[in-house]
Amino acid sequence: MIFRKDNFILGTVLGFTGPLIGVLIFKYVKFRSYSFRDTLDYILHSDPGHNTLSVALSLALLVNAVLFTVYINTHKDKTAKGIFALTCVYGLVVLCLKTFS
């Protein structure tokens, strides 16, 4: 199974897709009655200060925290490093978004 591998590249792929899945979960919990296009339009254009976007991205990082914890506890350190690296990148994006918008 792919999740049993200990590979930095696998960690970066998981670290990239984790927050995307988190954003999708956020969309279906908070904006259930809206289409995906309407939700993105609101988040990117209608929300002053992009508060909803930064909240969605911050909550999406929790998915990476769960993935990171799972891989650390199973001693898959290379995969955990990849997840951590992408989590740091996403964290910087969220920090810049909150700071400069």
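Out of all the residues in the stretch 26-46, which are without any contact (Cβ under 8 Å) to a residue 24 or more places away in the chain and surrounded by 15 or more Cβ atoms within 10 Å (Cβ to Cβ)?
Within the stretch 26-46, Phe31, Thr39, Leu40, Ile43 meet the criteria.
Restricting attention to the stretch 2-23, and to residues there that are surrounded by 15 or more Cβ atoms within 10 Å (Cβ to Cβ), among the β-branched types (Val, Ile, Thr) and in contact (Cβ under 8 Å) with a residue 40 or more places away in the chain, which single residue is nearest to Arg37 (Cα to Cα)?
In this case the residue turns out to be Val13.
For the stretch 1-91, list the helices (runs of 4 or more DSSP H) that sit wholly inside it and hold at least 1 residues that are on the phi < 0 side of the Ramachandran plot and charged (D, E, K, R); which are they? Working first, answer last.
Numbers: elements: 8-30, 36-41, 51-73.
So the answer is 8-30, 36-41.
Name the one entry in Lys78, Lys98 that is among the basic types (Lys, Arg), touching a residue at least 24 places away in the same chain (Cβ under 8 Å) and crowded, with 16+ Cβ neighbours inside 10 Å.
Within the list Lys78, Lys98, the selection yields Lys98.
Which one of Ala60, Ala85 is touching a residue at least 60 places away in the same chain (Cβ under 8 Å) and within 30 Å of Phe8 (Cα to Cα)?
Details: Ala60 fails: touching a residue at least 60 places away in the same chain (Cβ under 8 Å).
That would be Ala85, the only listed residue that is touching a residue at least 60 places away in the same chain (Cβ under 8 Å) and within 30 Å of Phe8 (Cα to Cα).
Suppose the filter is under 21 Å from Leu86 (Cβ atoms), modelled with pLDDT under 90 and more than 16 Å from the chain's Cα centre (by Cα); does Lys5 pass it? So that I can check it myself, show each step before the final result.
Details: under 21 Å from Leu86 (Cβ atoms): yes; modelled with pLDDT under 90: yes; more than 16 Å from the chain's Cα centre (by Cα): yes.
Criteria met by Lys5.
Looking only at the stretch 42-101, which residues are charged (D, E, K, R) and within 16 Å of the chain's Cα centre (by Cα)? Spell out the reasoning first.
First, the residues of the stretch 42-101 that are charged (D, E, K, R): 47, 76-78, 81, 98.
Residues satisfying the conditions are Lys81, Lys98.
The values are calculated or read from the model by the stated rules, or taken from the named source; none is laboratory data. All values derive from a computational prediction rather than experimental measurement. Here the Cβ is made from the backbone with ideal geometry for all residues, glycine too, and neighbour counts use every protein chain on show.
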